[in-house]
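Structure, as structure tokens:
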Amino acid sequence: MIMKLVLLWVLGMWSVSGIDLSRSESFLSYLDEEVTVSPGSTTTLIVPLTLIQGAASKGAVCLDGTLPGYHLHRGFGSGANSWVIHLEGGGWCNTIRSCVFRKTTRRGSSKFMEKSINFTGILSNKAEENPDFYNWNRVRVRYCDGASFAGEGQNEANKLYFRGQRIWLAAMEELMAKGMQNANQALLSGCSAGGLASILHCDEFKNLFPETTKVKCLSDAGLFLDATNVAGGHNLRDMYEGVVTLQGVQKNLPSTCTSQKDPTSCFFPQNLVSNVKTPMFLLNAAYDAWQVDQSLIPSLADPHGLWRACKTNRSHCNSSQIQFFQDFRNQMLNAVKIFSESNQNGLFINSCFAHCQSERQDTWYENDSPRIGNKGIAVSVGDWFFDRTAVKAIDCPYPCDKTCHDVILK
């Protein structure tokens, strides 16, 4: 039985725009917690890590120069020629200092990656946990570049390799050779920074396959907004500018955007999703917990702690603070307005303070999983992928939804 997961982000350690490693090198700010299982569980699927042996010759390496990797569990039966490729998340590094530190973690080096991980949620192999994709070939591509699989460059002085785009290409080449080239249907998904990556690479993924292959993309918690924080600053824009500049991301951003906007703006999904040609599904909490914590109310924007009680317990929010959250939700809905008008696209925007709902079993598919109307996330994604019905689910504003599995911010 999957343990109900509570994600705790460390506040007040680092700002989003620049990590102060002198204050603490023991905390992994920006790095999403792994889904865990209770010690007594023996039924969760454990899948070993595979390193891409030919990657180094292509320069497709992690920040520290080690080989990138993935976890693959083979499909069976009717799903033997169907593939889910899930891109791992875990924030970004935007300065030499933060990328050097990241090399000492699983998000920057395969030396520190778990040798095996649990497959839950959209990666589960059980029909009762993952009704539409349980028997597909399911892959989790590990994230070790710090730029949503989009960087290209290096910093020789600090032995940093910004090779996210090459890692993406090497992983796809290896998986195609392992049978994905014969896929009759394929779904590219990703969570958080991986959700942004699934948007950036969606059309590239589609172009790997012949026209006869059914290909779609899912972005979970990847709708990072160019929002204003409680002090009037733009933390995320400041950080993204560092990521794009340091890691040479500009050359890998869509020309449909860069021909009209600056490169940093083109790292924001709100400026990308409407131009993605491949069918896409956006799964996002309207009050995304990571963005609330790190973009809207980072500790440096609230030096006197005026938001501390509200952020940790929304029953302590005053009316203007609640309105601040509602304004963020409205910005998100405006950002997907044109996207949602396309018949091929899907939406599930629930009014929760959550983050990454496709990887976790309790939010993906259980009896008490989050719902909009009477439909949960897994069924909504399946209905959209298989064209059973259109899915354009937008929740009523907070606090109407009583099915949320909210992240508790500390």
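Quick look at the numbers
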quantity	calculated
Any hit, the range 45-56, residues being modelled with pLDDT under 95 and under 21 Å from residue 164 (Cα atoms)	yes
Residue in the range 122-131 that is farthest from residue 246 (Cα to Cα), counting only those that are more than 14 Å from the chain's Cα centre (by Cα) and surrounded by 22 or more Cβ atoms within 10 Å (Cβ to Cβ)	129
Residue under evaluation residue 266, criteria (1) farther than 20 Å from residue 166 by Cα; (2) open to solvent by less than 20 Å² (accessible area, probe 1.4 Å); (3) without any contact (Cβ under 8 Å) to a residue 24 or more places away in the chain, criterion not met	(1)
Selection from the range 381-395 of residues that are open to solvent by 60 Å² or more (accessible area, probe 1.4 Å), in contact with a Ser or Thr (Cβ under 9 Å, 6 or more places away or on another chain) and not β-branched (Val, Ile, Thr)	392
Single residue of the range 226-259 satisfying the filter (of a type in the set (A, V, I, L, M, F, W, C) and assigned to a loop (DSSP other than H, G, I, E, B)) that is surrounded by the fewest Cβ atoms within 10 Å (Cβ to Cβ)	231
Which numbered condition residue 378 fails, given (1) assigned to a loop (DSSP other than H, G, I, E, B); (2) surrounded by 15 or more Cβ atoms within 10 Å (Cβ to Cβ)	(1)
Residue 342 being part of a loop (DSSP other than H, G, I, E, B), crowded, with 22+ Cβ neighbours inside 10 Å and modelled with pLDDT of 95 or more	no
So residue 410, is it open to solvent by 10 Å² or more (accessible area, probe 1.4 Å), at pLDDT 95 or above and farther than 25 Å from residue 188 by Cβ	no
Answer from 369, 340 - the residue that is out of contact with any Gly (no Cβ under 7 Å at 6 or more places or on another chain) and without any contact (Cβ under 8 Å) to a residue 60 or more places away in the chain	340
Subset of the range 391-410 [over 15 Å from residue 288 (Cβ atoms) and not in a loop (DSSP other than H, G, I, E, B)]	392, 393
Meets criteria (under 22 Å from residue 209 (Cα atoms) and assigned to a loop (DSSP other than H, G, I, E, B)) for residue 132	yes
Criterion (open to solvent by less than 10 Å² (accessible area, probe 1.4 Å) and either in contact with a Lys or Arg (Cβ under 6 Å, 6 or more places away or on another chain) or modelled with pLDDT of 95 or more (or both)) met by exactly one of 219, 274	219
Residue count, the range 302-319 (criterion: open to solvent by less than 80 Å² (accessible area, probe 1.4 Å) and part of a helix (DSSP H, G or I))	5
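The values are calculated or read from the model by the stated rules, or taken from the named source; none is laboratory data. Small disclaimer: the values here were computed from a predicted structure and weren't measured. As a convention, Cβ positions derive from the backbone with ideal geometry for all residues, glycine included, and neighbour counts pool all protein chains shown. Note: areas computed on protein heavy atoms with side chains; ligands, DNA, RNA excluded. Shrake-Rupley method; radii C 1.70, N 1.55, O 1.52, S 1.80 Å.
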